Amino acid sequence: MITLERFDPGSTLVRRRDLSSTPSPAEELAVAKGIRANSASFLWLMRLLPAPRRRAMQALYGFCRELHEITDGEASRTVKLALLADWRDQIALLYAGRPQHIVTRALRDAIDRFDLRCNDFLAIIDGIKIDASADIRAPSYEQLDLYCEQRAVAVTRIALRILGAALLDGEPPAAELGRGMQLTGILRDLAQDAARHRLYLPRELLRAHGIFATMPSYVLAQPALPQVCNALAERAAAHFADVQRTRSALSGWATLATTAVLGSYRTLLKALLGRGWVRIDEPVRIPAWHQTALLLGYGLMGR
């Protein structure tokens with residue numbers, strides 16, 4: 001395991017420039033091919049961006065996909081945790097100016113150009129670690145909020161900064177959009193998560209509706225499930241309403257991306273409410289023009 005002395009995860013600056021760490025054209029192509037294999041729509045969307053922002057978003061997407069493959073893979077928990085520990089080392093090397101992995105080499109220019117914070121990358125890893133460490137079952141509101149912060153808010157902050165948001169301007173919309181997206185994704189993926197022995201519905205909400213068990217299959221069969229899901233949907237809708245109020249601080253590409261993602265996830269939430277919570281394994285249909293923004297959210301945060 002690689003360790004770095006005096007490594008400050010809060011720093012946004014690279015201490016030692018190493019121009020040889022700049023990704024080669026072949027490496028950039030490899031990152032793009034990895035994205036193409038996962039989402040052709042995402043790659044198409046990225047072509048609309050100016051080259052530096054496009055490369056940075058592709059690298060961020062590649063970083064998130066690498067982590068998602070760890071937590072959703074078939075390896076043992078011990079192996080998964082070891083792989084995530086290695087990713088913390090890779091981020092340390094990146095911010096020390098000596099990136100080693102093809103994805104962190106692709107991020108090398110972005111962290112300087114867009115002043116990306118190390119703590120956000122580490123938070124994403126920590127959020128993935130929650131899923132890799134144990135099967136989540138009915139977390140507390142506090143635990144769920146931390147999970148949303150790490151899995152969705154951190155990556156939204158990075159993305160908005162790449163798209164041109166200033167640090168302070170991007171904080172409120174990133175916090176609200178990330179939480180709304182994550183809660184909507186949880187409601188969409190109830191059956192899929194249960195198949196993986198996971199249940200993200202908060203325990204306080206379950207207990208308020210008379211459900212005290214945490215076994216996913218049992219909870220999803222309870223008559224009170226619709227009330228639980230509707231209450232969580234209200235929380236997601238409130239976060240989206242707050243995005244509407246705070247996005248005026250954004251501009252340019254950050255505004256366009258926030259508007260597109262907000263509209264798509266609001267549409268998804270409305271479709272889930274319209275379908276109801278009796279046949280939760282039944283997919284919902286939304287207009288085709290919203291699909292690309294949803295794929296962006298799925299690629300970056302796994303939801």
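Values computed for the structure shown
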item	result
In the range 254-278, the residues that are crowded, with 18+ Cβ neighbours inside 10 Å, within 19 Å of the chain's Cα centre (by Cα) and touching a residue at least 24 places away in the same chain (Cβ under 8 Å)	Ala254, Ala257, Thr258, Val261, Leu262, Ser264, Tyr265, Arg266, Leu268, Leu269
Test: residue in the range 223-242 that is of a type outside the set (S, T, N, Q) and over 27 Å from Ile136 (Cα atoms)	yes
For Asp145: the one exception among (1) crowded, with 19+ Cβ neighbours inside 10 Å; (2) charged (D, E, K, R); (3) closer than 25 Å to Lys270 by Cα; (4) at pLDDT 95 or above	(1)
Those helices (runs of 4 or more DSSP H) lying entirely in the range 93-199 with at least 2 residues in the same structural domain as Ala254 (by TED's automatic domain parsing) and among the aromatic types (Phe, Trp, Tyr)	141-148
Residues satisfying the stated conditions in the range 52-69, i.e. within 17 Å of Arg161 (Cβ to Cβ) and among the hydrophobic types (A, V, I, L, M, F, W, C)	Ala56, Met57, Ala59, Leu60, Phe63, Cys64
Tally, over the range 149-178, of residues that are over 12 Å from Thr246 (Cα atoms), more than 15 Å from the chain's Cα centre (by Cα) and among the small types (Gly, Ala, Ser)	3
Conditions (1) closer than 29 Å to Ala159 by Cβ; (2) modelled with pLDDT of 95 or more; (3) not small (Gly, Ala, Ser); number of the one not met by Thr255	(2)
Counted residues, the range 196-243 - those being surrounded by fewer than 18 Cβ atoms within 10 Å (Cβ to Cβ) and aromatic (Phe, Trp, Tyr)	2
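The values are calculated or read from the model by the stated rules, or taken from the named source; none is laboratory data. Keep in mind the model is a prediction, meaning the values are calculated, not measured. Glycine also receives a Cβ, built like all others from the backbone with ideal geometry; neighbour counts cover every protein chain displayed.
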